[in-house]
Amino acid sequence: MKPSIGRIVQYRLSAEDAEQIMRRRTTRQKIADRLAFDSGNPMMKAWPFGAQAHIGNDVREGDTYPMLIVKCWGDTETSSVNGQVFLDGNDVFWATSVSVGEGPRTWSWPERTV
């Protein structure tokens, strides 16, 4: 099969991907602590009301998540793709120029189930 826009494949995170995702994530408790921070100025909070927080379960190299293909670089079975990786949380990860394969930072077709 050839990858095409709109198809869902499986993406395996690299160590760099996992580090990038975890660096931008926070926890509910950390947000509550920041909201409770009082600098003496009621207009200055350590966490602005309405700010978007990235919250989700920890990720590691080798973890596999569904990825929606949004761009294909070529017209073969081994074409590189760009896609949105749907993580176990309220955020996504943008993966670019990903090749088909078995290791970290690769995509593959989901296994067929009966």
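No value in this document is a laboratory result; all are computed from the given coordinates. As the structure is a prediction and not an experimental result, all values here were calculated from the model. Quick reminder, even Gly has a Cβ in these numbers, built from the backbone with ideal geometry, and neighbours come from all protein chains shown.
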- Would you tally the net charge around residue 94, using a Cβ to Cβ cut-off of less than 14 Å, leaving residue 94 out, and scoring K and R as +1, D and E as -1? 0
- Item | Amide hydrogen neighbours beyond the local backbone of residue 14, cut-off 5 Å, H modeled | 62, 105
- Query: Using all Cα-Cα distances in the chain, what percent lands in each 10 angstrom bin from 0 up to the longest?
  - Reply: 14, 36, 24, 15, 9, 3, 0
- Task: Work out from phi, with θ = phi - 60° and the Karplus expression 6.51 cos²θ - 1.76 cosθ + 1.60, the ³J(HN,Hα) of each residue of the range 83-96, listed in order in whole Hz, and give x for Gly and Pro.
- Result: x, 9, 8, 8, 8, 7, x, 9, 10, 10, 10, 8, 10, 10
- Query: Pairing the Cα long axis of helix 15-24 with the longest principal axis of the chain, what angle in degrees results, from 0 to 90 and rounded to the nearest 10?
  - Reply: 30 degrees
- Message: Please list, ordered by chain and number, the residues whose modelled amide H lies under 5 Å from the amide H of residue 91; skip anything fewer than 5 residues away on the same chain.
- Response: 55
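Considering Cα pairs under 8 angstrom that are at least six residues apart, work out the relative contact order of the chain and quote it in whole percent. Don't skip to the answer; put the middle values down first.
Values: 214 pairs, mean separation 39.6, N = 114.
Value for the chain: 35 percent.
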- Calculated FRET efficiency, residue 8 and residue 53, Cβ-Cβ r, R0 25 Å, to nearest 0.05? 0.45
- Task: Kindly write out, for the range 73-79 in residue order, the coupling ³J(HN,Hα) from the Karplus curve 6.51 cos²θ - 1.76 cosθ + 1.60 (θ = phi - 60°), rounded to whole Hz, with x marking Gly and Pro.
- Result: 10, x, 10, 10, 5, 10, 4
- Note on the structure: Calc'd 3J(HN,Hα), the range 55-62, phi into Karplus 6.51 cos²θ - 1.76 cosθ + 1.60 (θ = phi - 60°), Hz, glycine/Pro = x, comes to 10, x, 5, 4, 10, 9, 4, x
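Add +1 for every Lys or Arg and -1 for every Asp or Glu among the other residues with Cβ under 14 Å from the Cβ of residue 21, and state the total. Before the final figure, lay out the partial values.
Values: positive: 12, 23, 24, 25, 60, 105; negative: 16, 17, 19, 58, 61, 63, 88, 91.
Net of charged neighbours comes to -2.
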- Once amide H atoms are placed 1.01 Å from N in the peptide plane, what residues at a sequence separation of 5 or more from residue 71, or on another chain, have their amide H within under 5 Å of its amide H? 82
- Message: Expected output is a single nm value to one decimal: the length gained when fully extending between residue 102 and residue 73, i.e. 0.36 nm times separation in residues minus the C-alpha distance. What is it?
- Response: 8.5 nm
